[in-house]
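Here the structure is laid out as structure tokens; the discussion comes afterwards.
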Amino acid sequence: MQQRKDRPMNIRARGAAALALLSFIALPALSQKREYFDAIRRAVDKAWSDYPAVFSAWKKTAEPNVLWGYNPPGHPVYLAAALGYLYHETHDSAYAVKAARLLGEYADLPSVMPPSYARTRVEYADGIPALSNFFFLPPFVRAYLWIRESPSLGAGARMKIESAIAQSVDFVFRFPEWGAHNRAMLRAEALACAARALPSHPHAAKWRQMAGVLASDSRGHWEIEDASNYNPVWLHALFSWAAVTGDSGAYSTAMMRYYMEYYTQLMSPAGTVPDFGDASWNSPSGGLRFVAIFEKWAAVFHDPGAKWAARSIFALARKGGRVPGVDEAYHLADAYAWCDETIEPRTPEGGSREVLDDIVGKKVVFRNGWDSSSTYLLLDYRDEGDGGWLARDYLRRTITVEEEKMHHGHADENSISLLMDGGSVLLHDGGYRDSLPSGAYGGWRADYFHNRVIARAGKRDPRQSLLDFVHNSGAYRSVRTSKIDFLNLRSVDVSRTRLVDEELGYRWDRVVAWVRNPGCFIVVDGLKVIRPGYYTFAALWHAQHVLARGDHFCDIVTDSVPGYRFPAGKSLLVCTPETYAKTEGVEPERRHSQQEHVLYQAISSQYKEGDCEVFVSILVPHDRSADASSIARHYRLVPTSAPYRSVAVAISNGESTQYVYVKLDPEMDIARENIRPRYLYDLGRVSFGAFETDAQFLYASVGPRTLEYSASVVLKVLYRGDTLMAALPNTHSLQPDGGPDTHVGYSRWRYWEDTVPLRKAEQ
């Protein structure tokens, strides 16, 4: 954070500064920095009249918080910081006077508590601090850094504020929570700012050292959180810490380059990074932090995509003339400071892709564009992973986190976190908890609050509510996930991701195939039992309203979440054509702080080791005025020669028929004998309709004159007995286990695509 020495301004200079401010605020088209400044000023003007009531109400109702203990309000802290930054930029002493007044009032707030309260918690041995919540401490200290050179700040006020800072930072020092996560970096930021603000304080050296200790887990390392509310808190604190310590190298690590590409690629048609993990739709605590983060990244690496992301999020925050809150204004102060206006924003390019890998990010985005009407689906298959073991273990043994995928994560592995089309939100995530340490049944973190398959040991009575059967405390159970495949093919994008639950005893592959025309998603969930027993499996989809129900389909919509209304032009048809022994239903639930519904298909059965189960869900975004039942008739299940080990879906439009085929048991074509290659076509071949193949995935479109196909992990594809493609024989030497030195075998092709003419007999 760059500080400059302020000088008293004469009346003429102050008048010129005010005139300059008014001149650019009145311009019809403001620069980006000036838009940020205008938003900060408007937020401050609104909040200044509100803050006395905030303090007054808190004093009347002040009670110890179960988490924070003594816990004064945060609103005036952010107001003080925004005022401090306005002084830093304009040298208008009125801003400094107001900021100092607020900081001084915080120093007096502990007197509201009963005199005996300090004896109730050991951490108050040195007195109750002005601020106990580490979230509010960085803006408190930075506010003072921005005004400390102001001539209007008297010696008495200065001493009072500095004493409040020292006492509050010493209080945070008692619990130096560590690890690569937001809570540690907020502490590091506060400690570093305090050492900068009070360099002569007797404790400044230990503050500085502890700041470095806490930041060391995050600088140049992967974050252990999977939550879009807390990713930007962590990053903003890390960037602020780097600025105040002068560590410019913190921006240029390989991890940081990865994260900025990751967040840019996650941007949704709503103009936000979608909510996953502990998050709520377009959370202000995350949104405008991201604006500052993207501005810093754009400035450091001249990244036009990051500049576009910053503009997009800011435009959404100001939509309808909305005035930001002062917490948002505080984050916009950094957006203003870090903004480089020489960089022109440029919309990223490209369609569906992995975001950003299958080790850390573990997400897939399906998209056909980057504007507000684009189709967008986010698949999140992130597990805890192997990284950050020490910090995760420390948190589990230090704080109450039973419901969390460490840290701030949900049991959302293999779930669809967001589906949008035409601006409408068709599927969304579960939201944040509604109470501490979590809400009922896991407070929206548990697996049954997500668009995914869930599993339970034991039998559900068909007359029993599904939610009654699956509900539990919501405690998180560790699983492992991996990407099996992702491909951009000619007419379809497809992913295959796997979850393995060793404790419960099953494996689940989710295949998502986006058929770009007509614009539908074929979701095939294949389960393989690895420990025999009685299981209940269920495929869940969540929505606010159910518009229509019919034979094995529902039409659903979500028009709003608390605080936000969505465009209502589209709805989502959910077809469930695989029905054998399955029950279907719709049940009411509380989710994302509102009343919603869960759609489900479920089955309870006895399974032996190696048995397979399957769910097929066809997701079709469509105009809300269209008849859902008429659309559903275009989709049907095609029988295969290997039921439960393979699935085929047909999509008909009158002129052509498209097929999406998935092999759910990829081990079925592995030879028993120990030879290389071990793939044997006769073991793995499956027929459906006029096709036969051993492919793990096949897309085909049969039209009046041509057949287009795409096959992956494949030896051969046949249509009406004719070979469309076939792997070639090859001699493979050095066979294992004393076998013959050579063997003639066939190696699978990664994928192959072609368009072939049809004979009249085939048309």
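Key figures
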| quantity | calculated |
| --- | --- |
| Scope segment 747-756; condition outside any loop (DSSP other than H, G, I, E, B) and touching a strand residue (DSSP E or B) at 6+ places or on another chain (Cβ under 6 Å); matching residues | 749, 751, 752, 753, 755, 756 |
| Flag if residue 412 is among the acidic types (Asp, Glu), in a strand (DSSP E or B) and either open to solvent by 10 Å² or more (accessible area, probe 1.4 Å) or under 23 Å from residue 664 (Cβ atoms) (or both) | no |
| Residue identified as part of a helix (DSSP H, G or I), at pLDDT below 95 and not small (Gly, Ala, Ser) among 233, 172 | 172 |
| Check on residue 442, of a type in the set (Gly, Ala, Ser), surrounded by 17 or more Cβ atoms within 10 Å (Cβ to Cβ) and farther than 30 Å from residue 667 by Cβ | yes |
| Test: residue 177 is touching a Lys or Arg at 6+ places or on another chain (Cβ under 9 Å), in a helix (DSSP H, G or I), among the charged types (D, E, K, R) and under 28 Å from residue 394 (Cα atoms) | no |
| Filter pass, residue 666 being more than 22 Å from residue 516 (Cβ to Cβ) and either free of Cβ contacts under 8 Å to residues at least 24 places away in the same chain or polar (S, T, N, Q) (or both) | no |
| Of all residues making up segment 213-224, the number that are assigned to a helix (DSSP H, G or I) and open to solvent by 30 Å² or more (accessible area, probe 1.4 Å) | 2 |
| Options 255, 260, 210; residue that is open to solvent by 10 Å² or more (accessible area, probe 1.4 Å), part of a helix (DSSP H, G or I) and within 25 Å of residue 345 (Cβ to Cβ) | 255 |
| Test: residue in segment 458-469 that is modelled with pLDDT of 95 or more, closer than 30 Å to residue 352 by Cα, open to solvent by less than 10 Å² (accessible area, probe 1.4 Å) and of a type outside the set (Gly, Ala, Ser) | no |
| Subset of segment 415-424 (residues that are open to solvent by less than 30 Å² (accessible area, probe 1.4 Å) and part of a loop (DSSP other than H, G, I, E, B)) | 423 |
| Test: residue in segment 227-234 that is within 20 Å of residue 295 (Cα to Cα), in contact with a helix residue (DSSP H, G or I) (Cβ under 8 Å, 6 or more places away or on another chain), open to solvent by less than 10 Å² (accessible area, probe 1.4 Å) and among the aromatic types (Phe, Trp, Tyr) | yes |
| Residue that is least open to solvent (accessible area, probe 1.4 Å), among those in segment 384-397 that are in a loop (DSSP other than H, G, I, E, B) and more than 22 Å from residue 232 (Cβ to Cβ) | 386 |
| Scan of segment 425-450 for residues that are part of a strand (DSSP E or B) and within 17 Å of residue 226 (Cα to Cα), ordered by number | none |
| Cross-chain or 6+ apart pairs with Cβ under 7 Å, segment 437-448 first and polar (S, T, N, Q), then open to solvent by less than 10 Å² (accessible area, probe 1.4 Å) | 438/445; 438/474 |
| Residue tally, condition assigned to a helix (DSSP H, G or I) and either among the aromatic types (Phe, Trp, Tyr) or open to solvent by 10 Å² or more (accessible area, probe 1.4 Å) (or both), over segment 193-202 | 1 |
| Answer from 276, 294, 239 - the residue that is outside any helix (DSSP H, G or I) and at pLDDT 95 or above | 276 |
| Matching residues in segment 359-381 - criterion: being open to solvent by 20 Å² or more (accessible area, probe 1.4 Å) and either of a type in the set (D, E, K, R) or touching a strand residue (DSSP E or B) at 6+ places or on another chain (Cβ under 7 Å) (or both) | 371 |
| Residue 101 within 20 Å of residue 41 (Cα to Cα), open to solvent by 10 Å² or more (accessible area, probe 1.4 Å) and either assigned to a loop (DSSP other than H, G, I, E, B) or of a type in the set (D, E, K, R) (or both) | yes |
| Scope segment 185-220; condition over 16 Å from residue 171 (Cβ atoms) and touching a residue at least 60 places away in the same chain (Cβ under 8 Å); matching residues | 196, 217 |
| Boolean, residue 740 is under 22 Å from residue 522 (Cα atoms) and assigned to a loop (DSSP other than H, G, I, E, B) | no |
| Checking residue 329 against (1) open to solvent by 10 Å² or more (accessible area, probe 1.4 Å); (2) over 30 Å from residue 468 (Cβ atoms); (3) not in a loop (DSSP other than H, G, I, E, B), the condition it does not meet | (1) |
| Leading residue by the ranking (nearest to residue 737 (Cα to Cα)) among those in segment 695-714 that are in contact with a Phe, Trp or Tyr (Cβ under 6 Å, 6 or more places away or on another chain) and without any contact (Cβ under 8 Å) to a residue 40 or more places away in the chain | 714 |
| Residue under evaluation residue 400, criteria (1) open to solvent by less than 10 Å² (accessible area, probe 1.4 Å); (2) assigned to a loop (DSSP other than H, G, I, E, B); (3) out of contact with any Leu (no Cβ under 8 Å at 6 or more places or on another chain), criterion not met | (1) |
| Contacts under 6 angstrom Cβ, first residue in segment 367-379 being in contact (Cβ under 8 Å) with a residue 60 or more places away in the chain, partner open to solvent by 40 Å² or more (accessible area, probe 1.4 Å) and of a type in the set (Val, Ile, Thr), 6 or more apart | 370/347 |
| Output for segment 729-753, where each listed residue is surrounded by 11 or more Cβ atoms within 10 Å (Cβ to Cβ) and closer than 15 Å to residue 678 by Cβ | 730, 732, 735, 739, 743, 745, 746, 747, 748 |
| Residue identified as at pLDDT below 95 and not polar (S, T, N, Q) among 371, 340, 380, 386 | 386 |
| Unique match (being closer than 28 Å to residue 406 by Cβ and at pLDDT 95 or above) among 177, 162, 123, 89 | 177 |
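A quick yes/no check of all residues on (1) hydrophobic (A, V, I, L, M, F, W, C); (2) buried (at least 16 other Cβ atoms within 10 Å of the Cβ); (3) farther than 30 Å from residue 35 by Cα:
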site	(1), (2), (3)
82	yes, yes, no
88	no, yes, no
93	no, yes, no
115	no, no, yes
119	no, no, yes
135	yes, yes, no
142	no, yes, no
157	yes, yes, yes
166	yes, yes, yes
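The values are calculated or read from the model by the stated rules, or taken from the named source; none is laboratory data. On a predicted model such as this, the values are computed, not experimentally measured, just so you know. Counting neighbours? That spans all protein chains shown, and the Cβs are built from the backbone with ideal geometry, glycine included. Side chains included, ligands, DNA and RNA excluded: accessible areas come from the protein's heavy atoms. Shrake-Rupley method; radii C 1.70, N 1.55, O 1.52, S 1.80 Å.
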